[in-house]
1. Per-residue HN-Hα couplings for the stretch 17-30, Karplus 6.51 cos²θ - 1.76 cosθ + 1.60 at θ = phi - 60°, whole Hz, x for Gly and Pro?
2. Report, by chain and number, residues whose modeled amide H sits under 5 Å from the one on R130, excluding near sequence neighbours (fewer than 5 apart, same chain).
3. Using the 2.2 N^0.38 Å rule of thumb for compact globular proteins, work out how the stretch 201-241 stacks up: its C-alpha Rg over that value, please.
4. In whole Hz, with x marking every Gly and Pro, tabulate ³J(HN,Hα) for the stretch 146-152 from phi via Karplus 6.51 cos²θ - 1.76 cosθ + 1.60, θ = phi - 60°.
5. With 10 angstrom as the radius, rank E155, E83 by how many other C-beta atoms surround their C-beta, starting from the fewest.
6. ³J(HN,Hα) across the stretch 168-181 via Karplus (A = 6.51, B = -1.76, C = 1.60, θ = phi - 60°), whole Hz, x for Gly/Pro?
7. So how much slack lies between R230 and A507, counting 0.36 nm per residue of separation and subtracting their Cα-Cα distance, in nm?
8. Can you list residues from other chains, or at least 5 along the same chain, whose modelled amide H is less than 5 Å from the amide H of V151?
Amino acid sequence: MVPGYRDVRQLGEGRTGRVFLSTYQATGAYVAVKYLNATLRRDAEFMRRYRADAAALVELDEPDLVKVHEYVETSARAAVVMELVDGVSLRILLAEHGQVSPEAALALLKTVLNGLAAAHERGVTHRDVRPENVFVQADGAGKLADFGIVVHVEEPGVPAGSPAYMSPELWTLGAAGPPADLYAAACLLFEAVRGRPPYQADDVPALRDRHLVEPAPLEIVPDPLRGLLRRGLAKDPAARYASARQFAAELERDAETGYGPDWEKRGRRSLAELATLLALRFPLARPDSSAARSGSAALRASRLLRWVPSWPPYLWVAWATVAALAATLLMSGGRLPPGPATVLLPPPETSSPMEPTDAEPDPAADAEPDTPRGTPADALPDASRDTPADASPRPPDPTGTHRTPGPATPPPATTAPATPPTATPTGTRSAGAAPRPAVRAAGIVSWSGAEGSVRVTADGPGQVRLRISYMRRDGDGPAREVASETRTLTGRTDYTSEVRRDLGAVACGERAHLAIVAMTEPAAANGPQISEVTLDGPACATPTATDRPTPTQTATDRPTSTQTPYAPSPVPNLGPATARPDDSPDPEELVEVPSVR
């Protein structure tokens with residue numbers, strides 16, 4: 001456990017280590033902490049280089065990069081504290097959807113190239129550009145993560161890296177520089193549009209030979225991408241683009257020529273739709289409650305639903321989320337809101353920060369895992385990059401902990417995009433009316449299946465419309481909208497709106513999935529929000545001998561069970577609500593974690 005942070009639960013693990021969802025105890029903000037595995041810590045050359053890179057990494061504050069808050073190293077552990085990206089990796093996106101449209105692939109590659117350019121100009125090389133390290137959020141924005149964290153393949157003579165994306169000079173000379181990053185970025189573009197890397201083989205030596213001598217299969221990619229891939233996948237580093245900036249500029253020209261001036265808008269919209277279909281796999285779409293019964297029930301439900309081939313668990317809300325995203329785009333004039341999702345606040349501490357938790361990593365667990373578990377280690381959620389202006393680096397830790405801090409303390413509890421998106425006026429506004437504000441974020445603070453609350457933050461006191469849809473799915477059946485309501489929020493910049501709705505009883509022996517979908521007009525910067533809970537009905541009563549009807553009994557004489565199905569407590573429907581300007585939200589209402597599955 002990194003001093004100053006509390007690990008909540010493990011997000012996943014991979015070749016380079018384990019990633020935990022954690023909270024910064026000073027403010028309660030969410031972060032992601034990656035504990036480097038023993039293989040990396042024993043690699044003296046890697047540790048020497050990464051310590052040198054860490055100072056530059058914490059200085060990087062680019063919207064296209066996952067922010068590194070600090071690097072912490074002790075005699076027994078090395079950890080990287082990063083921002084939390086609430087989205088899915090490109091690897092997950094391709095595994096679920098096969099491939100993406102050319103415009104979407106180009107939009108994502110533009111993000112990767114801009115991030116690489118910022119890092120290369122600081123003297124930092126990524127060394128492992130691959131789909132696992134590129135993330136897509138609900139608004140279609142992308143982020144590049146895990147600079148410099150790369151391991152050797154279990155193959156003699158193979159340099160550190162991912163073989164499917166390694167450039168010829170990396171195979172032969174071990175030269176991991178900016179040209180190798182650009183080669184890997186070109187491989188990423190190819191895989192995004194074709195669903196596979198440009199070169200494949202059954203073993204590593206054969207894959208090496210293909211990278212060294214085989215021409216890139218450009219005939220199977222769309223025409224507007226062939227020029228970019230021909231130069232990006234050149235065998236000679238000198239024949240590639242001179243820099244990531246040049247690659248990005250050429251991408252802009254070819255994309256506009258091939259797909260028109262609105263190519264990036266369409267690409268990001270497509271990415272947003274594909275990512276939103278996987279909203280239940282976002283890191284913050286999982287419960288952070290420590291209640292064992294809730295966690296075990298959610299795990300059983302997810303395992304049960306995962307193997308149902310005819311209706312994957314995330315598809316039952318697919319039509320609702322796609323419709324919500326389309327509605328928000330239309331209501332905002334077709335503009336995709338910029339910026340990352342806003343971090344939701346963690347639950348209040350119920351125990352001392354020094355008490356151990358189930359999610360705390362075992363210091364002895366240094367063995368590199370064989371297979372991923374749970375959400376991939378790369379699927380990191382999103383956190384704010386904002387830091388207090390008057391913060392200062394931490395003093396040296398007398399316990400022997402070596403820290404490479406960023407220019408400021410990790411993000412405060414209340415965060416929002418650094419530059420609020422500009423509101424797009426819609427319709428005609430009467431003279432003297434307050435301008436339509438930009439909605440910084442919408443978040444489902446809590447949802448029990450019957451009641452909860454939704455929080456909306458805006459950059460002005462103008463009118464914001466909040467639409468809430470109540471969804472229900474019984475067992476493996478289709479989802480249906482039980483009810484919906486629209487509320488008008490005005491007069492403030494921060495609203496907490498209570499939601500209550502009886503979505504019906506759960507019969508004995510049955511399972512129901514109850515969800516709400518919250519969206520705003522104008523569209524929130526973090527897009528539509530979804531929260532789902534799974535409720536199991538009570539066990540059905542076992543018939544006894546006395547319950548069995550005798551031959552002389554008629555149908556109307558048969559005894560009936562006295563057990564009634566479980567249902568959420570009936571609560572009145574609040575209906576449309578208008579926030580009152582003088583009604584400040586209760587701070588206790590703002591620190592509950594959304595229970596989304």
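1. The phi angles translate into x, 10, 10, 10, 6, 9, 10, 7, 5, 5, 10, x, 6, 6 Hz.
2. none
3. Scaled against compact globular proteins, the figure is 1.28.
4. 6, 5, x, 9, 8, 10, 7
5. If I rank by nearby Cβ atoms, fewest first, I get E155, E83.
6. x, 5, 6, 5, 8, 10, x, 7, 9, x, x, x, 5, 5
7. Length difference between fully extended and current span is 93.7 nm.
8. G161
Quick note: the coordinates plus some simple rules give every number you see, no bench work behind them. Every value quoted in this text rests on a predicted model; they were computed, and no experiment measured them. FYI the Cβ positions are ideal-geometry reconstructions off the backbone, even for glycines, and counts take in every protein chain you see.
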